[in-house]
């Protein structure tokens with residue numbers, strides 16, 4: 001009986017550890033806002049590859065992803081090499097979101113919400129500035145913003161934004177890894193968006209303005 005109780009206690013301990021918050025017991029600190037990393041640009045074009053799996057079925061999309069700032073707001077458009085638009089998203093000056101166009105296969109509330117959140121986190125839209133809290137973890141500074149569900153962590157190291165973590169109460173939902181930011185407010189050269197629960201990834205590689213496409 002005692003052996004069973006010890007085994008049960010060990011199992012409960014392991015389960016609680018696996019479900020613990022990925023950012024627990026952080027040391028709070030004072031520093032400047034993560035909004036210094038908010039991208040400033042007019043037009044950025046990326047090669048985009050999306051790979052994932054739904055149940056036993058794999059899917060793959062590739063094409064060009066355009067970020068464009070307009071007088072009325074922000075457009076994010078994903079097209080394939082033949083010009084077919086997978087999705088066309090828009091945020092107005094107040095960061096209100098709308099879908100201009102989306103293909104039938106992606107026209108599902110959960111898919112649109114996930115893609116909207118991905119782009120919004122990358123572009124630092126709809127962040128609750130009043131909720132921003134700063135933490136220190138080793139050499140990293142973590143800037144935390146409260147979301148409707150969970151948190152967004154903008155993680156800085158050596159004065160560079162390295163990644164963005166979207167977490168729930170107990171686990172990471174999405175990790176956005178950034179490479180090649182030439183200045184704090186520049187768009188990164190490469191982006192990897194890894195969805196830990198939705199089982200798909202988005203890879204972006206910036207295309208130079210002078211490249212022939």
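None of the figures in this text is laboratory data; all of them are computed from the coordinates on show. Everything quoted here is computed from the prediction, not taken from an experiment. Here the Cβ positions follow ideal geometry from the backbone for every residue, glycine too, while neighbour counts run over all protein chains shown.
Evaluating kT/(6 pi eta Rh) at 25 °C and 0.890 mPa s, with the Kirkwood radius of the chain over Cα pairs in the Stokes-Einstein relation, gives 130 µm² s⁻¹.
Were the residues from residue 27 through residue 170 laid out at 0.36 nm apart, the gain over their Cα-Cα distance would be 49.6 nm.
Remark: spin-label model distance residue 108-residue 94 equals 3.2 nm, labels positioned 7 Å along the Cα→Cβ axis. Classify the range 112-213 from the C-alpha gyration tensor, please: rounded if a/c falls under 1.5, else prolate or oblate depending on whether a/b exceeds b/c. Taking the square roots of the gyration eigenvalues as a ≥ b ≥ c, the range 112-213 is oblate.
How big is the C-alpha Rg of the range 119-161 next to the rule-of-thumb value 2.2 N^0.38 Å, as a ratio?
On the way: Rg = 10.6 Å, N = 43, 2.2 N^0.38 = 9.2 Å.
My calculation over the Cα atoms of the range 119-161 gives 1.16.
Quick check: from the Cα gyration tensor, does the range 73-140 come out rounded (a/c under 1.5), prolate or oblate? Since a/c reaches 1.5 and a/b is larger than b/c, the shape of the range 73-140 is classed as prolate. With distances taken between every two different alpha-carbon atoms, the range 31-78 has a Kirkwood hydrodynamic radius of 13.5 Å.
Over the residues of the chain, the helix contribution to mean residue ellipticity at 222 nm works out to -5000 deg cm²/dmol, using -39500 (n - 2.57) for each DSSP H run of at least 4. For the peptides 121-134, 100-113, the ranking by mean Cβ contacts within 10 Å, running from highest to lowest, is 121-134, 100-113.
With the simple spin-label model, which puts each label point 7 Å out from Cα in the Cβ direction, the residue 139 to residue 159 separation comes to 1.5 nm.
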